[in-house]
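What follows draws every value from the coordinates through simple rules; no lab data is involved. What you are looking at is a predicted structure, and each value in this text was computed from that prediction instead of being measured. All Cβ positions, glycine included, derive from the backbone under ideal geometry; neighbour counts span all protein chains shown.
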Amino acid sequence: PPQTPVRAAMNTIQQLMVILNSANDSPSNSLISYFNNCTVNPVENILQRIEHLSYVFRTRFAEAVGQACVEIGVQRYKLGVRLYYRVMESMLKSEEKRLSVHNFSKLLNNSAFHTSLLACAVEVVMATYGRSAFECGGSSSETDLTFPWILYVFDLKAFDFYKVIESFIKVESSLSKAMIKHLERCEHQIMECLAWKSDSPFFDLLKQSKDREGQIEQPEPTST
Amino acid sequence: SQGYHFGLEEDEGVSELFDCD
């Protein structure tokens, strides 16, 4: 049959469903093992964060599309959590192989890492369903729930979100070409605009870098 | 994959990006 925009959207959703229907709502044994290997076990914080962001997401979603659609938001978030666990496990396996270490205590106790990873997973789900979520919400121009909406919902810095995108794409081999393009567009939006907002942690890093440079004798002035 | 330009070097990953190396 000929490919139509509707058929393409349905295929993408179906593809995501196939992956996530068999995925877990909770950490797998493999993930639990990574958590247990940590100097400080991160599992309680991870579960609390998911619970807290579930409430925040549900509230913001309902505000955007109407209280009648709140259950759609609950389902989207649930799929996002499944993808988050799935990608986290793949990332840790990849990092274990690359670094030859088993203790990821620092990474797994880093709140920005988890929030960014969960935001990226939820963004993939939201972008997969695209505008279908707005059908019961009325005005579409006021209810665009794709990126960067998730940054506002999770109170997340764009610069931190940026850090997980490439690794996410690298380890999640089932992402469609359209989804990779979407994440690439998110990257470009961050690089060109969002990372340069005045409260961006990017400026702290620039300052740190400049301070380090200042400590080392520089024979030549830094060029513009 | 799929035309995406990977920018991270072989010795870089999320651990380094989140300052956890």
Rg/Rg_globular for the protein assembly as shown, with Rg_globular taken as 2.2 N^0.38 Å and Rg from C-alpha atoms: 1.08
Which of the helices in chain A, when you take each full DSSP H run, stretch at least 15 Å along the axis at their Cα atoms and have an average Kyte-Doolittle score of 0.0 or higher? A:5-21, A:43-65, A:111-129, A:158-171
Hey, any idea what the orientation-averaged projected area of the convex hull of the stretch A:73-136's Cα atoms comes to, in nm²? 4.8
Report, in listed order, any pair from A:106/A:163; A:78/A:106; A:181/A:210; A:97/A:210; A:106/A:181; A:163/A:197 with a Cα-Cα distance greater than 24 Å. A:78/A:106; A:181/A:210; A:97/A:210; A:106/A:181
Along the three principal axes, how long is the stretch A:51-182 when you take its alpha carbons, biggest first, rounded to the nearest angstrom? 52, 31, 24
Counting only other residues whose beta carbon sits under 15 Å from that of residue A:45, what net charge do I get with K and R as +1, D and E as -1? 0
